[in-house]
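Working notes, beginning with the structure itself.
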Amino acid sequence: MDSADSALVAYEDGRADGLAGRRKDEARAEDPDYMVGLVDGQVSAFEENLLAAIRRALDGKNN
């Protein structure tokens, strides 16, 4: 596997961990590609939760 492939795998593993709400994998915490993916996944999960909360709040006002 070349370095570009390993960087994408590390990013995707980090993103999956972030989306799942898992904390960083200490064994991979030094890998910047993993950490960027982790933060990206955490931000995506936060965004999904925020939008769901806004929709619930707006639906409650319409009833």
What's the number of the condition S44 fails, among (1) in a helix (DSSP H, G or I); (2) surrounded by fewer than 14 Cβ atoms within 10 Å (Cβ to Cβ); (3) without any contact (Cβ under 8 Å) to a residue 12 or more places away in the chain?
(3)
Conditions (1) free of Cβ contacts under 8 Å to residues at least 24 places away in the same chain; (2) part of a helix (DSSP H, G or I); (3) touching a helix residue (DSSP H, G or I) at 6+ places or on another chain (Cβ under 8 Å) -> G14 fails only (1)
All positions within the stretch 17-41 that are in a helix (DSSP H, G or I), surrounded by 13 or more Cβ atoms within 10 Å (Cβ to Cβ) and under 15 Å from the mean Cα position of the chain (by Cα):
D17, G18, L19, D33, Y34, M35, V36, G37, L38, V39, D40, G41
Give just the number: which of (1) without any contact (Cβ under 8 Å) to a residue 12 or more places away in the chain; (2) surrounded by 13 or more Cβ atoms within 10 Å (Cβ to Cβ); (3) part of a helix (DSSP H, G or I) does A53 not satisfy?
(2)
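Read-outs: derived from the displayed coordinates by stated rules, not from any lab. Just so you know, these numbers come straight off a predicted model, no measurement behind them. Neighbour counts run over all protein chains shown; Cβ positions are idealised from the backbone, glycine included.
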